[in-house]
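Engineer: Below you will find the structure I want to go over with you.
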Amino acid sequence: MRTLFLLFLMLNIAQAQSIHQLIQYSMKKHPSLKSIKHRLMSMDERIEKSQKWANPDLSFTINDIQFRKPLGRTAERMQYQAVNFKQKFPWFGKLDARKKVAQEQKDVVFHSLTSAQVELAYKIRMTSYTIKELEARIHILKRYMHLAKQNIELFTQYIATDAMSHADSVNAELSLSNIEIRAQRYISILKSQKEKLNYLVQRRIKNISDTLKIKKPKSLYYYLAQLKKNPQYHMKLAKYDVARARKNLIDMDKHPDPYVKVGYFNRPDYPDYATISVGVSLPIYGTEELNSEIAQKEALASQSESIDYKSFLDSEIRVNYVKLTEAYRIYNIIQHKSLPQLNHMLELSASAIEEGASLLTYTNTLEQKLALEEERISIMAEFMRTQAKLKSLTGVK
């Protein structure tokens, strides 16, 4: 039996995966990332497209159709058939400006991909730590249920069944029932969190090898120094670069593109001839100036957004760092002060039961220790989740 248990335990350990492994697998398989990757690949064609000229116009003309003889084409010299070809030529560096806009747009898509990867990694970490928290809570509750049952049996065996003793037993049974109810609620939440993780990773996950553990936090300066690695911030900057490039392109519209039109005219019974026309559109209504003003204000808006987001990141890092250090201090108080004291009280209460002491005192002490154990688990999970948030704010996948 022991051999089978060890084999089962080893199999579970072998199947368990670390959070890092889950993130790496999800980065390759998640469809939301694949959709952005496809958009990113399409940007190369957009850049190539930006260097293409506008399509030429090709037209065919039949001039001077006589109603009395629609098919007759020899009535007079004005009757002709013509083929016209018109091509607009982009001048004043417009092709380079269009390419710059497309390249900056590609940067936006690239940073959106990185941002999505960071967000996905963050969600996997948060869900994984919640799962580990729930598993730890369930484990603690089961251990306490077993311990409570042992002491109820011990109390029933050694203590006389007077009215007060019976009341103590009932209270202990009710406390045990409450613990069982909490355990069932945790099990239900755990199942839903595992389903969420399955979606995030794009595969069914049985076990996570990581454990909830607390280390001394890094300095606030460390996180603030990593602020500029945030991909959302880079995406804001890239959008500002797009707005500036678009402003530059719109400014060039003040200089109209010339076009050349070539026509070939065929006249039955008369010599053929050709025409050449050169022209430009006349920017006389101020539309280009208004477009330039609009583009300028949009660029300023993008710049303000990037500045605001940087300030927001600074604030978020500071707020979450306060939470991180608070969790670290509370954990140390529980781990090194409160729990040792309650452990000692619980030992005294358990020993006193055999000597005829009230079971109620032991039950109350057990409930206090259970609540403190759960608080310790909660603080550990909160520490890990806050650390995951700081990682996402500093662009860590």
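Engineer: Among the residues of segment 276-292, which ones are of a type in the set (S, T, N, Q) and touching an Asp or Glu at 6+ places or on another chain (Cβ under 9 Å)?
Structural biologist: Selection gives Ser281, Thr287, Asn291, Ser292.
Engineer: Next question, about the same structure. Please tell me if Gln81 is surrounded by 12 or more Cβ atoms within 10 Å (Cβ to Cβ), in a strand (DSSP E or B) and either in contact (Cβ under 8 Å) with a residue 60 or more places away in the chain or more than 54 Å from the chain's Cα centre (by Cα) (or both).
Structural biologist: Here the answer is yes, as Gln81 does meet what is asked.
Engineer: When segment 280-299 is examined, which residues are found to be of a type in the set (A, V, I, L, M, F, W, C) and out of contact with any helix residue (DSSP H, G or I) (no Cβ under 6 Å at 6 or more places or on another chain)?
Structural biologist: Passing the criteria: Val280, Leu282, Ile284, Leu290, Ile294.
Engineer: Quick test for you: out of Lys254, Lys261, Lys218, pick the one residue that is at pLDDT 90 or above and surrounded by fewer than 16 Cβ atoms within 10 Å (Cβ to Cβ).
Structural biologist: Going through Lys254, Lys261, Lys218 in turn, the sole match is Lys218.
Engineer: Taking the stated definitions as given, is Ile317 farther than 30 Å from Tyr233 by Cβ, assigned to a helix (DSSP H, G or I) and touching a residue at least 40 places away in the same chain (Cβ under 8 Å)?
Structural biologist: no
Engineer: Restricting to helices (runs of 4 or more DSSP H) lying wholly in segment 1-65: which have 3 or more residues that are at pLDDT 90 or above?
Structural biologist: Output list reads 19-29, 31-50.
Engineer: On to the next question. Quick check: anything in segment 271-284 under 30 Å from Met43 (Cβ atoms), among the aromatic types (Phe, Trp, Tyr) and touching a Phe, Trp or Tyr at 6+ places or on another chain (Cβ under 8 Å)?
Structural biologist: No: zero hits.
Engineer: Across segment 174-219, what is the number of residues that are farther than 20 Å from Pro31 by Cβ and either hydroxyl-bearing (Ser, Thr, Tyr) or part of a loop (DSSP other than H, G, I, E, B) (or both)?
Structural biologist: 18
The values are calculated or read from the model by the stated rules, or taken from the named source; none is laboratory data. Please read all numbers here as calculations on a predicted model, not as lab measurements. Because the Cβ atoms are built from the backbone with ideal geometry, glycine has one as well, and the counts that use them run over all protein chains shown.
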